[in-house]
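A quick write-up on the structure given underneath.
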Amino acid sequence: MKQRKKILSALLVATMTGTLLAGCGQGDDGKQSAVPSAADEETSSAAEETAQSTAEDEEESSAAAEDGSGEGATQRISDEVITLTVAGVDNVASPDWNNTIQFAEYEKRLGLKFDATVYNTEQWSSKLTLMLASDEMPDILAMDWAPMSRSDLIKYAEDGYFLDFSQYLDIMPTLKMYMEKYPEYAQAITADDGKIYGFAGLVDRPNCARYAFVYMPQKWLDNVKLDRPESLDDLYAVLKAFKEQDANGNGDPSDEIPMGMSDGGSAELPILWAYGINGLNSTYLLREDNGSVGLWDTSENYKAFLHYMNRLYEEGLMNQDAFVIEGSELEALNKEGKVGFSGGWTTRCADQYADNEPGWYIPVGFTSEYNSDKSVVLYSAVDPTFYFVANADTEYPEEIAKFVDYQFTTEGAISGGNGYEGLTFDMKEIKGVRTIDHTGYWEGQYESQEDYRTRIATNHSGFSILSTGKGTIYDLLTSVSDEDLFDEEVWALTNSSALREEAMRTEGLKVMDAFPNLYYTDEEANERATLYTDIKNYLKTAKAQFITGEMDIDASWDAHLEKLNQLGLERLLEIEQAAYDRLK
């Protein structure tokens, strides 16, 4: 039985405060009850019977997953077609998941008919509240565009809303294989009591897929007759040449922006790494030294980083509106060929491709007195928020469990974003590697390949928990030789990702571990929320003031540290340390 415990009131408050929707930051945790309910015991018993009756299927599926790929593990889940209701969230206007080729194939191949009602991101929080409060939750929630935090997931699971998948692991061999391959994923989806109430995203792709986009035009370097920078001193010299010479070659030596930065951009990342700072976002950078957790923003390394950035700002080597310009505005300047060194999620280099040589390259990293290695920090393979949960009272728990396992097979993972071979894409052999190619299916009928894919599959919906590299451009990139990396046929598909693979192959590259995702108890999460927000907001402001010179770095440093103490940094780090110790 579901435990209501004034749940309607609590849910309405949660909706008003936005706690149901998690952002892109670190996940958080809640306490769980280790005592199973009567419903749990009944479901567990049913799971045991199911596991015994499907032993042969399990053996076949396990064998298919032994090589670590999950290929060939596809089996019909239900002999007779069953209907599973779904509530989903999408950012596409009026998406119709029910008429996608993906859903039609699920019914035909798996025996699962999905009946989905899809809401936009603005509607989702209130709709979710009403579904839970009125006890009208569908069989499945698919929430990639509005994922649920770990603490919310466990809170509602404890009130009896969400199915515990841990009792069905015996019929989920491919999931188990990935949990063994990525222990951090197993830890992310497993509550403290050992139960699994939902699924976060997992990226099973090579390093180049998790490397931030940071660009520098090779033609600018050629025009100023300089080599690719190896150190921070080299980078300074390059940016100075970009400012003083006609680096973009348009006849005007004064219209170049040597380094383009926007709030939340990634251009500064290689510079941070050069100071040994293992961050992917320069606001609120946690660090770990010998098992102790600290804040990079209070370190001598970060102070030196600020001095370097302040020098670039004072000498006009970076845009003076760096802390107010929108990413889209900076990207427009990039497309006009006015920015030399910048970052962002873009394929701008596609327009610069000519004569089988890309016009851009991605700087791997720079050395400095603080770090003698060219270093890079990769995005985590695990998303700490949850995309997919199931109703604890569903009539079809085993079928849903098997469907989740299907999503971890190669075919299942590809289906969520690409559909099926021969229906929505072909496998094109390039340099001996079979790679997904949508070209013949969307050209002349849709505005873009991405527009086509949103119509044939439920992109980013929760129906693609695993992001696989198999059969994708990442299979191709990691298979071709250095010589073929920029072959015209390869480049046509891989584009800027080829630059990231080139960067990852650079000799001497060192991968620094990013600070791990941490999970918190209810008490910790509640106390942490205000501390974290206040400190993060202050650090963002202080960074801009230090770099622009509004605050003198040396003269104001002690006051900076004291301000952090006043905001409760010591207590915040105690909370982080406790969560980190549990993780380890």
Selection from region 376-427 of residues that are within 30 Å of Trp273 (Cβ to Cβ), polar (S, T, N, Q) and surrounded by fewer than 24 Cβ atoms within 10 Å (Cβ to Cβ): Ser380
State which residue pairs qualify: first residue within 15 Å of His460 (Cβ to Cβ) and inside region 92-107, second residue of a type in the set (D, E, K, R) in any location, beta carbons under 8 Å apart, and separation of 6 or more residues or different chains. Trp97/Asp90; Thr100/Arg455
Residue pairs meeting the criteria (Cβ under 6 Å; at least 6 apart or on separate chains; first under 13 Å from Tyr106 (Cα atoms), in region 404-416; second β-branched (Val, Ile, Thr)): Gln407/Ile465; Glu411/Thr74; Ala413/Thr468
Within region 299-318, residues being in contact (Cβ under 8 Å) with a residue 40 or more places away in the chain and open to solvent by less than 10 Å² (accessible area, probe 1.4 Å) number 5
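The rows are residues; the columns are (1) touching a residue at least 24 places away in the same chain (Cβ under 8 Å); (2) closer than 30 Å to Gly412 by Cα; (3) touching a Ser or Thr at 6+ places or on another chain (Cβ under 6 Å); (4) not aliphatic (A, V, I, L, M).
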{"site": "Gly201", "(1), (2), (3), (4)": "yes, yes, no, yes"}
{"site": "Val214", "(1), (2), (3), (4)": "yes, no, yes, no"}
{"site": "Pro217", "(1), (2), (3), (4)": "yes, no, no, yes"}
{"site": "Leu226", "(1), (2), (3), (4)": "no, no, no, no"}
{"site": "Leu239", "(1), (2), (3), (4)": "yes, no, no, no"}
{"site": "Gly251", "(1), (2), (3), (4)": "no, no, no, yes"}
{"site": "Gly279", "(1), (2), (3), (4)": "yes, no, no, yes"}
Could you tell me how many of the residues in region 428-447 are surrounded by fewer than 20 Cβ atoms within 10 Å (Cβ to Cβ) and touching a Gly at 6+ places or on another chain (Cβ under 7 Å)? 1
Give the residue, chosen from Glu450, Glu502, that is charged (D, E, K, R) and surrounded by fewer than 15 Cβ atoms within 10 Å (Cβ to Cβ). Glu450
Just to be sure before I move on: is Ser282 modelled with pLDDT under 95, over 15 Å from Phe341 (Cα atoms), in a loop (DSSP other than H, G, I, E, B) and within 26 Å of the chain's Cα centre (by Cα) in the structure I sent? yes
Only residues that are of a type in the set (A, V, I, L, M), open to solvent by less than 30 Å² (accessible area, probe 1.4 Å) and more than 28 Å from Ser368 (Cβ to Cβ): list them for region 489-499, please. Val490
Asp233 passes all but one of (1) surrounded by fewer than 20 Cβ atoms within 10 Å (Cβ to Cβ); (2) touching a Cys at 6+ places or on another chain (Cβ under 8 Å); which number fails? (2)
If we scan region 474-482, do we find a residue that is touching a strand residue (DSSP E or B) at 6+ places or on another chain (Cβ under 8 Å) and of a type in the set (A, V, I, L, M)? yes
Any residue at all in region 445-454 that's modelled with pLDDT of 95 or more, in a loop (DSSP other than H, G, I, E, B) and touching a helix residue (DSSP H, G or I) at 6+ places or on another chain (Cβ under 8 Å)? no
For region 165-191, which residues satisfy the criterion of being over 22 Å from Pro397 (Cβ atoms) and open to solvent by 40 Å² or more (accessible area, probe 1.4 Å)? Glu180, Lys181, Pro183, Glu184, Gln187
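The values are calculated or read from the model by the stated rules, or taken from the named source; none is laboratory data. These figures come from a predicted structure and were not determined experimentally. Note that we place each Cβ from the backbone using ideal geometry, even for glycine, and neighbour counts take in every protein chain shown. Areas reflect the complete protein model, heavy atoms only, side chains present, ligands, DNA and RNA absent. Shrake-Rupley method; radii C 1.70, N 1.55, O 1.52, S 1.80 Å.
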